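Okay, structure first, notes after.
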């Protein structure tokens with residue numbers, strides 16, 4: 001019926017090929033760039049090991065304490081995992097049973113993630129250092145405790161485990177709570193109608209249904225515990241408590257730095273990290289990808305528990321309010337001692353802080369590198385999420401998915417050592433410049449950017465894009481006029497989240513910093529090492545303030561919902 | 001206005017985790033005349049949506065050729081696949097797919113701006129055609145489902161494309177709105193005469209809207225014809241089931257005629273040819289089943305035997321009896337509420353019959369069109 005039956009195709013059509021070369025070229029550039037950022041630091045570490053050879057192995061094992069570092073790492077990981085799971089799951093279960101008017105308390109368990117780790121850890125130290133800790137001083141007033149030091153010594157392994165566990169419980173809480181909210185409430189109602197008490201319904205129905213979420217949360221906690229650096233470094237160094245992560249740092253901080261030994265010590269962490277990323281992909285695979293989060297939740301699965309807000313409030317008090325209060329007191333005091341003297345409170349520590357050389361520079365570097373790192377990660381993450389979602393190149397998509405998630409699995413301290421080694425030698429020498437901080441931040445944020453944008457893109461569906469394409473718009477116009485505007489909430493939320501995480505960033509920053517390039521966290525560490533406690537407190541408060549501003553922006557950008565819950 | 005032709009277009013999705021591969025299009029040939037509205041009808045998974053998306057350029061077939069007017073838009077032999085934005089088409093989606101951040105005016109006008117067409121008045125004209133003139137400055141979220149889909153229609157036709165593709169456009173609307181928008185769509189096609197392909201799983205929509213209806217199954221066209229043809233003379237048992245011949249009875253051929261479960265079927269002689277011992281399946285509509293008092297001689301009808309009433313439910317316009325035909329399976333009969341036996345109760349024994357010209361016979365186990373024939377008395 002058409003004019004053409006056997007006629008050859010119109011010559012004009014021959015030029016119209018799909019997959020134009022420019023798209024393939026762009027993909028190659030993207031994969032090469034991401035591959036360089038993510039893999040080169042790790043590969044360079046392997047090269048260092050190969051070059052170092054047997055000598056490096058000797059150094060790694062030599063010196064005292066490798067065995068005890070391994071034991072401490074295992075104890076710290078498992079102990080903090082146990083604490084985090086119990087606290088996190090318990091709080092999550094309570095958070096979906098909050099009485100009306102108290103539901104805002106559900107946000108409290110997330111606060112420890114939002115407060116900079118270095119700030120809260122120093123806050124804890126000010127509370128529980130054996131002699132001058134405010135909380136210890138208070139506890140000594142309890143009958144039969146007494147003494148002139150203790151009862152808590154925050155610088156010992158058990159308390160390092162406890163503090164790490166509290167920090168990790170926030171992550172467990174976020175995942176488990178989201179999982180509980182997404183549970184089909186009908187399943188729980190059915191259990192209760194069938195005669196199970198709320199407690200038994202929780203144990204027999206809800207927990208088994210949540211098994212994938214629990215496994216995932218435990219996996220993340222395990223990774224974070226294995227790579228835990230900040231707490232043992234700040235609290236354990238003076239008392240000789242060492243884990244693998246801090247040992248890696250020592251090898252790179254010594255002169256001359258021994259990268260091969262650092263890499264060897266870090267290799268179990270590296271292998272475990274990669275294995276967990278791959279395992280998670282295998283276990284969750286495409287399932288999570290296509291689960292629609294209805295947003296309608298199990299708010300009314302069972303009757304509200306009247307006392308549910310109490311543990312959440314206590315947690316927030318212990319984990320956030322008290323450390324922050326300790327920081328405020330120390331920052332306002334002329335010197336740090338167990339006696340609080342409000343009459344002597346002064347702002348002099350802040351003025352002195354900003355007169356200290358490079359402090360202001362460090363704040364500016366932090367802000368600049370965080371913004372630049374977040375924006376660059378956003379661009380690369382958007383492109384990666386697009387390739388992963390569209391599956392036009394399925395194999396490349398799967399590869400990219402693993403690639404961008406590696407920085408989440410490999411501990412920051414291992415990555416930090418890799419960055420330091422890779423960027424202080426040709427072909428790309430960035431060490432000593434602000435650029436190295438930006439590149440490191442960009443790499444570390446790739447998983448967060450890609451995951452949140454991928455989630456938003458999946459939620460967007462394909463019809464909006466298809467409608468634009470059939471309306472005559474090419475891919476570029478479709479992305480600029482349709483996809484980006486529709487994802488602007490997710491984009492804003494992702495940028496703000498990354499900004500918050502980056503202004504906190506301590507571990508990788510500490511490894512790649514140099515005398516001329518410092519960020520807030522590393523400057524705080526220097527002040528801490530020098531024993532300038534009131535200035536440490538002032539610095540911690542400055543960091544917390546900047547973070548808080550970022551969180552406010554994040555919540556505004558993502559329409560009030562917590563951006564952390566979006567991950 | 002142009003026509004569209006598909007030549008041996010195939011798309012096979014590889015089987016995952018041990019499942020066999022699925023053919024969404026299996027050597028599909030189709031010729032759509034200029035100005036024709038062709039309906040692709042079939043259940044989910046039959047390949048109708050893949051066919052539509054291949055016409056749009058949103059999906060790439062494995063092989064074959066698609067010619068739109070005098071322009072080849074897909075040809076696997078030449079590795080040619082024109083992207084959707086260069087095919088001059090319009091499309092209407094089941095989900096409406098109106099961009100929530102753009103006003104109705106910007107939504108309808110997008111195909112014009114994207115193609116850099118300066119056509120003053122076209123947006124207003126398209127909006128007027130679907131009764132959306134007052135909605136131009138609102139956002140999609142402020143519209144009802146019916147209004148959204150009318151805007152979707154306006155966006156699909158505003159640039160006067162060569163081909164309009166409609167992907168289950170009425171499926172998200174509730175029943176009353178669906179009828180309304182369907183009527184409007186029919187009227188719109190009558191006035192504009194665009195070439196269109198309409199995908200649906202709803203036989204009522206297909207019959208009401210199509211100039212021709214193509215019933216699809218497993219990537220192939222099972223029957224292609226006018227709505228009247230498909231409705232009254234389904235070519236295969238599959239099509240029959242799909243257009244309302246929902247009741248079935250297996251019969252075998254004997255020397256004297258036909259029997260069901262060893263019981264001769266009085267009054268049924270058919271022209272169903274070949275393989276007499278293989279048997280056949282009778283297909284008929286549930287409102288053609290006649291229910292008679294027990295023992296009545298089904299004079300002039302094909303007697304299907306005795307049946308026990310299992311259940312009775314009131315459907316408004318009719319009464320549905322679920323009948324257990326002795327040794328013949330379960331049938332449903334729709335009776336007028338005034339019918340004498342419409343008040344039958346569960347447990348009653350009745351006689352079931354059907355007019356011979358209301359029965360289709362299909363050779364057992366075969367699906368090709370040649371095995372079918374209308375039963376005749």
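Nothing in this text is a laboratory measurement; each read-out follows from the coordinates by a stated rule. Owing to the predicted nature of the structure, the values given are computational and were not obtained by experimental measurement. A quick note on method: Cβ atoms are made from the backbone with ideal geometry, for glycine too, and the neighbour counts reach across all protein chains shown.
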Q: Would you please report the Å³ per residue occupied by the convex hull of the alpha carbon atoms in segment B:91-201?
A: 94 Å³
Q | Calculated Rg and Dmax of segment A:410-567 using C-alpha coordinates, Å | A | 19.5, 66
Q) Cα axis of helix B:175-192 to longest principal axis of chain B: angle in degrees, 0 to 90, nearest 10? A) 60 degrees
Q) Given the alpha-carbon gyration tensor of segment A:329-398, what are the semi-axes of its equivalent ellipsoid in whole angstrom, ordered largest first, with each equal to the square root of 5 times an eigenvalue? A) 49, 15, 8
Q: Can you tell me which of A:212-222, A:112-122 comes out highest on packing, and rank the rest after it, using the mean Cβ neighbours within 10 Å?
A: A:112-122, A:212-222
Q.
Once the cut-off is 21 Å, how many percent of the Cα-Cα pairs in segment B:1-121 end up in the long-distance tail?
A. 48 percent
**Q.** Nearest 10 degrees, 0 to 90: helix A:259-290 Cα axis against chain A principal axis
**A.** 50 degrees
Q) Averaged across the residues of B:108-120, what count of C-beta atoms belonging to other chains lies within 10 Å of each residue's C-beta? A) 3
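Which of A:428, A:161, A:172 comes first, and how do the rest follow, when ranked by fewest Cβ neighbours within 10 Å?
With the fewest neighbours first, A:428, A:161, A:172 line up as A:428, A:161, A:172.
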Q: Give the shape of chain B as rounded, prolate or oblate, defined through the alpha-carbon gyration tensor: a ≥ b ≥ c are the square roots of its eigenvalues, a/c under 1.5 means rounded, and otherwise the shape is prolate if a/b is larger than b/c and oblate if not.
A: prolate
Q. Which length gain, in nm to one decimal place, applies between residue A:476 and residue A:39 when the Cα-Cα distance is subtracted from 0.36 nm times their residue separation?
A. 154.4 nm
Q) How far is helix B:145-157 tilted off the main Cα axis of chain B, in degrees rounded to 10, range 0 to 90? A) 60 degrees
Q. Counting partner chain Cβ atoms within 10 Å of every residue's Cβ in B:78-88, what's the average?
A. 6
**Q.** Ratio of Rg to Rh over chain A (Cα coordinates, Kirkwood Rh, two decimals)
**A.** 1.01
**Q.** Order of B:2, A:522 - criterion: other Cβ atoms within 10 Å of each residue's Cβ, fewest first
**A.** B:2, A:522
Q | Peptide A:459-467 - average C-beta neighbours from other chains (10 Å radius) | A | 6
Q | Exposure proxy order (Cβ contacts within 10 Å, fewest to most) of A:437, B:66, B:157 | A | B:157, B:66, A:437
**Q.** Area projected by the alpha carbon convex hull of segment A:75-127, averaged over all directions, nm²
**A.** 4.8 nm²
Q | Spin-label pair residue A:71/residue A:343, simplified geometry with 7 Å Cα→Cβ offset, distance in nm | A | 5.1 nm
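Using DSSP, restrict attention to beta bridges with both residues in the protein assembly as shown and report what percent are antiparallel, rounded to the nearest 5. Provide the component values of the computation, followed by the final result.
On the way: 66 of 83 bridges.
Close to 80 percent.
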Q. Per residue, how much space in cubic angstrom lies within the convex hull of the C-alpha atoms of segment A:103-220?
A. 162 Å³
